[in-house]
Amino acid sequence: MSRDFICLMCPNGCHLITTLKSDGAVEVVGNRCDKGLGFARNVLKSEGLKPVGRIISGKARPSYPQATLREIAKFWGISLKAIRTNLIPEGSPERTVFRVVLEDEDKRFFTLEEIVPGSYHNKMRIIRTLESLSQKGMGKIAPYRLGAEEQYIQKYTEGFWQLVPFVPGVALDRERYLYEGWRAKGLSAFLIELRQKTLGDPFFSQDKSFSMKTYIYTLLHQIERHHPQIMPRVKEVVLFLGKGFMSVFDGLPVSFCHGDFHPLNMIWGKDDLHAVIDWEFSGVKPEVYDAANMVGCLGMEHPSSLISDLVVNFIRDLKAANLFSGNSWEHFLEFVIALRFAWLSEWLRKNDEEMISLELDYMELLIQEREQFYRAWK
C-alpha cells in the first residue's frame, strides 16, 4: 500500500511517498530531513490506519531547483510562474522518476514528468495512443503536450521529460466510493466511447492480444518452483478456471483496452469522472478485460461492493449498450478471477505474504459465492 503527500513540517514542502513493507515497517521516500519521517507517521495515524512500526527512509527521489524546471518548461513554450508543491498529480508515482505541478503566467497548470530513459518507447506508445484518441474526439483523457521541434519527449542534460495538462480532482473516500452508484455512469460511458473510437482502426489493432491463459500457466510453473507452500490453494483456483474458462479463452472477442481500468487510475470530480490516466498497460485484450479488472478491484477493496449499486449499475449499463458478446458475459466472473493472478504475481514479486494470502482468500470467495454474484449481476 502506497500513499503520497506533501510534508508540512518546513518550507521545503517535500513530496513524500510512503510504502508499507511486509515486515510492518513504513518506508518513506522523498524526505530531505528527518522531520519528514515524523510527519509521515502522524499522517498515517490521522487517517485511522493501524499503528505503524518502524519508519525508515528509502531511496530519495531527485529534486530540482526552480531554475532548472524553468529551463525544461521552455521546451513547451511555458513561462513558469510557480512550482505548485501543494498539488499532487493523480496516478502512481512509481511510473516516473520525478514529477511536479507547474503554474504558468496565464494561470494554467501542467504536470511535468521525468521518465526512465528505458521507458522512452513505451511512453511514446502511450502518447501516440492518447494523441489518436484525442483526434477522434475521445473525452475524459489528458493528451500530452507537443514541445520543441515537434517532439513530445524532450531531453535535458541526461534526463527525458514529458508534459501533460494538470487535471484537478477530488480524492476518493476509500470506504464510501465502493457503494456510490452514480459513479457507474461515467465508468460505463468511458468504456463504451473507447470501443466506439477504436473499433476497426488499424492503429488500435496492431498489437498481439494478451493471453491471460498463457500468463496463468506460466505463473503456475513459477509458483511451483519458488512458492510451493501456496500451490494447493492456487491449483484449486486453476482447476475451477479449467472447467470451462480456459477452453474458450482464446476464442473470446478482443478489442483495444485501457489495461488498468479501476477508480484509482481516474481523476474524479464531485459528481462526474474527469479523466482516465495511467495507460501503461493499454493494448489489444479480450473485450471484457477492463470491465472485469474494474469489478475485481472494487471487490478486493471489500467483497460486499460486488453486489452494491456501483458494480450492479456498471454491469447493467454495459449490457444495455450490447458492448460485449454473450460468450464474454457468460465467462465474466471467471475472467474477474483470472485477472487476479496478475495481482498475485505482483505480491509474489514483492514477497508480501499478507497480500498473497489475502489475494488467495479473495479468489476462493469469488468461487464459493459465485451464485450470489450471478444473481446480482443478472
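Read the figures in this text as sums done on the coordinates, not as results from a lab. Values in this document were obtained by computation on a predicted structure and should not be read as measured data. Note that each Cβ is placed from the backbone with ideal geometry, even for glycine, and that neighbours are counted across all protein chains shown.
Structural remarks
- Dividing the mean sequence gap of close Cα pairs (under 8 Å, 6+ apart) by how many residues the range 138-227 holds gives a relative contact order of 21 percent.
- Selected from Glu334, Glu90, Glu193 as most flexible by GNM, with the chain as the system and alpha-carbon contacts under 10 Å: Glu193
- Ranking Thr85, Ser325, Ala142 by how far each Cα lies toward the positive end of the dipole of the chain (charges on Cβ) leaves Thr85 at the top.
- Compared with the dominant principal axis of the Cα atoms in the chain, helix 353-368 is inclined by about 40°.
- Here the chain carries DSSP beta bridges of which approximately 90% are antiparallel, counting only pairs with both residues inside.
- In a simple Cβ point-charge model (Lys, Arg +1; Asp, Glu -1; nothing else charged), the range 93-150 has a dipole of about 420 debye relative to its Cα centre.
- Dipole magnitude of the chain, debye to nearest 20 (Cβ charges: Lys/Arg +1, Asp/Glu -1, about Cα centre): 380
- When the square roots of the Cα gyration tensor eigenvalues are ordered a ≥ b ≥ c, the ratio a/c for the range 177-377 is 1.5 or more and a/b exceeds b/c, which makes its shape prolate.
- Positive-end ranking of Ser305, Leu360, Phe249 along the dipole of the range 177-377, with charges on Cβ about the Cα centre, is headed by Phe249.
- Given charges at Cβ of Lys, Arg, Asp, Glu: the range 168-288 dipole, positive-most of Ala275, Tyr215, Val237: Val237
- Charged side chains reduced to their Cβ positions (Lys and Arg at +1, Asp and Glu at -1) give the range 177-377 a dipole of some 420 debye around its Cα centre.
- Summary value for the chain: 13 percent relative contact order, contacts being C-alpha pairs under 8 angstrom separated by 6+ residues.
- For the range 59-126 versus the range 190-222, the inter-centroid distance based on Cα atoms is 30 Å.
- The chain - mean residue ellipticity at 222 nm from DSSP helices (-39,500 (n - 2.57) per run, n ≥ 4, rounded to 500): -13000 deg cm²/dmol
- Over the chain: Rg over Rh, Cα atoms, Kirkwood Rh: 0.96
- Excluding same-chain neighbours fewer than eight residues apart, the lysines reachable from Lys185 by a Cα-Cα span under 28 Å are Lys136, Lys140, Lys197, Lys270, Lys285, Lys319, Lys378.
- Nearest-ten-degree value, helix 289-301 long axis tilted from longest Cα axis of the chain: 80
- Angle between the chain longest axis and helix 35-46 axis [Cα atoms, degrees, rounded to 10]: 40
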